[in-house]
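*Asks:* Quick one: this structure, given as structure tokens, is what I'll be asking you about.
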């Protein structure tokens, strides 16, 4: 499988030109940052391993990619979640649906063990840490194995950058665990390419803690923040508006969970840093829109005076 060399396209948004690294086009199941994070694992021999173990939310982008990886390598995927709504098995959608179709076993610990169930990370540590036939993949692919695929991404960006002369190059992407932004920084920032990111899960200090848990590094991304606290997974009218505007002006669909916050951080930054060449990394995650978009439409269709979302 070829999980590299995604194209770079040029676009205009809100008065600014920018380039877009189309990692969303890498593969139907391996796209965006998960394609990069799991590239090394996909290409590795795993002697004696019969099962992948993962954890996260029932709609995590990593769930689909892990399920596809397990199917390709003829392994079983057991994926633990803290909880999932009862209706999801009756009406599977998004990443949950795709992962189930690929054969993943998805276990809710609260359903299995009750309200006092341990966190999935702790449960896995207690039950699988010493298993010789299991390979544990941390939530969101935040592990050292992700470095190889992200280095390949950095090298592609450096190759592209040779043709961008005259303006300082900035690379922008939103962060969940921050793994991609952190590893990119180690390659790009010594080449005078600044990496910009924003903390989509928790705030700036939490993102820095995520960085520190991966090790000590020489270079760190520049973290942009909104003025007001942004709760992960909560529906914000401003997020929906900028997502729709992005699609209207670029004819490209972006992720509804991460990309709107990054662009809300980027536009004020661009106002004070207009003379740059911006490369935005499309990190995929579009299966998640299958669940996020109906939620937004239910919320904001109800108030016609606020905003009328675009109908496909």
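The values are calculated or read from the model by the stated rules, or taken from the named source; none is laboratory data. This one's a predicted model, so the numbers in the text were calculated from it and none came from an experiment. Ideal geometry is used to build each Cβ from the backbone, glycine not excepted, and the neighbour counts take in all protein chains shown.
*Asks:* For segment 76-86, indicate whether the set of residues that are out of contact with any strand residue (DSSP E or B) (no Cβ under 6 Å at 6 or more places or on another chain), outside the structural domain of residue 288 (by TED's automatic domain parsing), surrounded by fewer than 17 Cβ atoms within 10 Å (Cβ to Cβ) and under 27 Å from residue 287 (Cα atoms) is non-empty.
*Replies:* Let us first name the residues in segment 76-86 that are out of contact with any strand residue (DSSP E or B) (no Cβ under 6 Å at 6 or more places or on another chain), namely 82, 85-86.
From what is left, the residues that are outside the structural domain of residue 288 (by TED's automatic domain parsing) are 82, 85-86.
Then drop every residue that is not surrounded by fewer than 17 Cβ atoms within 10 Å (Cβ to Cβ), which leaves 85-86.
Imposing the further condition that a residue be under 27 Å from residue 287 (Cα atoms) reduces the set to 85-86.
Yes, that holds for at least one residue.
*Asks:* Just checking, how many residues over segment 179-220 are in contact with a strand residue (DSSP E or B) (Cβ under 7 Å, 6 or more places away or on another chain) and touching a residue at least 40 places away in the same chain (Cβ under 8 Å)? Break it down into steps so the answer makes sense when it comes.
*Replies:* As a first pass, look at segment 179-220 and keep what is in contact with a strand residue (DSSP E or B) (Cβ under 7 Å, 6 or more places away or on another chain): 181, 184-185, 188-189, 193-200, 204, 206-207.
Next, from what is left, pick out any that are touching a residue at least 40 places away in the same chain (Cβ under 8 Å): 181, 196-198, 200.
Final tally of qualifying residues: 5.
*Asks:* Another question, then. Could you tell me how many of the residues in segment 172-203 are at pLDDT 95 or above and farther than 9 Å from residue 221 by Cβ?
*Replies:* The qualifying residues number 15.
*Asks:* Could I ask something else about it? If a residue counts only when it is under 16 Å from residue 54 (Cα atoms), which strands (runs of 3 or more DSSP E) contained entirely in segment 114-221 have at least 1 such residues?
*Replies:* On the way: elements: 134-137, 169-172, 194-197.
Because the criterion is at least 1 residues that are under 16 Å from residue 54 (Cα atoms), the strands (runs of 3 or more DSSP E) in segment 114-221 that meet it are 134-137.
*Asks:* What about residue 155, is it more than 25 Å from residue 231 (Cα to Cα), in the same structural domain as residue 285 (by TED's automatic domain parsing) and in contact with a strand residue (DSSP E or B) (Cβ under 8 Å, 6 or more places away or on another chain)?
*Replies:* On the way: more than 25 Å from residue 231 (Cα to Cα): yes; in the same structural domain as residue 285 (by TED's automatic domain parsing): yes; in contact with a strand residue (DSSP E or B) (Cβ under 8 Å, 6 or more places away or on another chain): no.
So residue 155 fails the test.
Residues checked against (1) outside the structural domain of residue 21 (by TED's automatic domain parsing); (2) at pLDDT below 95; (3) in a helix (DSSP H, G or I):
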position: 235; (1), (2), (3): no, no, no
position: 238; (1), (2), (3): no, no, yes
position: 248; (1), (2), (3): no, no, yes
position: 263; (1), (2), (3): no, no, yes
position: 266; (1), (2), (3): no, no, yes
position: 278; (1), (2), (3): no, no, no
position: 312; (1), (2), (3): yes, yes, no
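*Asks:* Now for a different question. Let me spell it out: the conditions are (1) farther than 26 Å from residue 30 by Cα; (2) buried (at least 17 other Cβ atoms within 10 Å of the Cβ); (3) modelled with pLDDT of 95 or more, and residue 222 meets all of them except one. Which number is the exception?
*Replies:* For residue 222, the exception is condition (2).
*Asks:* Now for a separate question. So, of the residues in segment 180-217 that are exposed (fewer than 14 other Cβ atoms within 10 Å of the Cβ) and in contact with a helix residue (DSSP H, G or I) (Cβ under 7 Å, 6 or more places away or on another chain), which turns out to be nearest to residue 38 (Cα to Cα)?
*Replies:* Among those that are exposed (fewer than 14 other Cβ atoms within 10 Å of the Cβ) and in contact with a helix residue (DSSP H, G or I) (Cβ under 7 Å, 6 or more places away or on another chain), it is 217.
*Asks:* In the set 253, 290, which member is in a loop (DSSP other than H, G, I, E, B) and within 27 Å of residue 3 (Cα to Cα)? Give the steps one after another, and end with the answer.
*Replies:* On the way: 290 fails: in a loop (DSSP other than H, G, I, E, B).
The conditions single out 253.
*Asks:* Output the qualifying pairs, or none if there are none: Cβ atoms under 7 angstrom, residues six or more apart or on different chains, first residue in segment 88-100 and assigned by TED's automatic domain parsing to the domain that holds residue 68, second residue part of a loop (DSSP other than H, G, I, E, B).
*Replies:* 88/58; 94/59; 95/59; 95/60; 96/58; 96/59; 100/92
*Asks:* Scan segment 267-283 and give yes if some residue there is crowded, with 17+ Cβ neighbours inside 10 Å, free of Cβ contacts under 8 Å to residues at least 40 places away in the same chain and under 14 Å from residue 18 (Cβ atoms), otherwise no.
*Replies:* No, that holds for no residue.
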